[in-house]
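The values are calculated or read from the model by the stated rules, or taken from the named source; none is laboratory data. Bear in mind that the values here come from a model prediction, so they are computed numbers and not experimental data. With ideal geometry, Cβ positions are generated from the backbone for all residues, glycine too; neighbour counts draw on all protein chains shown.
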Amino acid sequence: GAVVSQHPSRVICKSGTSVKIECRSLDFQATTMFWYRQFPKKSLMLMATSNEGSKATYEQGVEKDKFLINHASLTLSTLTVTSAHPEDSSFYICSAEGPGYEQYFGPGTRLTVT
Amino acid sequence: AQTVTQSQPEMSVQEAETVTLSCTYDTSESNYYLFWYKQPPSRQMILVIRQEAYKQQNATENRFSVNFQKAAKSFSLKISDSQLGDTAMYFCAFMKGDTGNQFYFGTGTSLTVIP
């Protein structure tokens, strides 16, 4: 089946620093990838849609200068949280669109900003 | 705008019994897809089942089946012969039909299978 990896699975960073999260589709090509944020016991909140070779589309209320997304190839999208603050601490999940329009999800990254 | 509603925040079922999780949605689209995803404690989202709106036949995947009522905009998930490994959050999702479109997720139903 389609597999999506995410790295790192956990990261702790200091306030004011930047952290990069990678999302890879391992056995299929994904023109479109999505980035979500999930709070405990809540549903997934879409942050942005990432299309290979073009600029990401951000959801309303998501700061594009703070959450930089790069989809440089058909198998890799990255999310960089710049100048991280404690309120950015969360669980970030990526997904890649499969051939039948379903989304395959990565295992998530837990970000803690101290 | 599309909305997805899961009216059951929590449910429980005895092992080996059958349980049905409800989902309703609101859309003016005629071409769309519906999905059920499972999120166990590991938090890995796993695709359970999908349904194309243009198909009248209900989708089935082993112990999982859906009751898709297009006119009523209802998309319930039935889990038969429940197993302990079915304990998870279940999310219903809607996607209007074309590539690259976002999912609209419901708020989730927490299912506990009781041994």
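Contact annotation: residue pairs with Cβ atoms under 6 Å, 6 or more positions apart or on different chains, pairing a residue in the range A:88-102 that is under 23 Å from A:PRO8 (Cβ atoms) with a partner that is of a type in the set (D, E, K, R), are A:SER90/A:ARG37; A:PHE91/A:ARG110; A:TYR92/A:ARG37. In the set A:TYR101, A:TYR92, which member is surrounded by 13 or more Cβ atoms within 10 Å (Cβ to Cβ), aromatic (Phe, Trp, Tyr) and in a loop (DSSP other than H, G, I, E, B)? One residue alone meets the criteria, A:TYR101. Within the range A:76-89, being outside any strand (DSSP E or B) and surrounded by 19 or more Cβ atoms within 10 Å (Cβ to Cβ) holds for A:ALA84, A:ASP88.
For A:THR32, indicate whether it is within 9 Å of chain B (Cβ to nearest Cβ) and surrounded by 16 or more Cβ atoms within 10 Å (Cβ to Cβ). Yes, satisfied.
Of the strands (runs of 3 or more DSSP E) lying entirely inside the range B:4-53, those carrying at least 1 residues that are of a type outside the set (Gly, Ala, Ser), touching a Lys or Arg at 6+ places or on another chain (Cβ under 8 Å) and farther than 22 Å from B:ALA72 by Cβ are B:46-52.
Across the range A:41-52, the qualifying residues are those that are outside any strand (DSSP E or B) and within 10 Å of chain B (Cβ to nearest Cβ), and the one among them that is nearest to the chain's Cα centre (by Cα) is A:SER43.
Residue check: B:TYR54 meets all listed conditions (1) at pLDDT below 95; (2) within 14 Å of chain A (Cβ to nearest Cβ); (3) closer than 18 Å to B:GLY106 by Cβ but one, namely (3).
Residues considered: B:PHE68, B:PHE75, B:PHE91. Of these, the only one that is crowded, with 16+ Cβ neighbours inside 10 Å and either within 14 Å of another protein chain (Cβ to nearest Cβ) or outside any strand (DSSP E or B) (or both) is B:PHE91.
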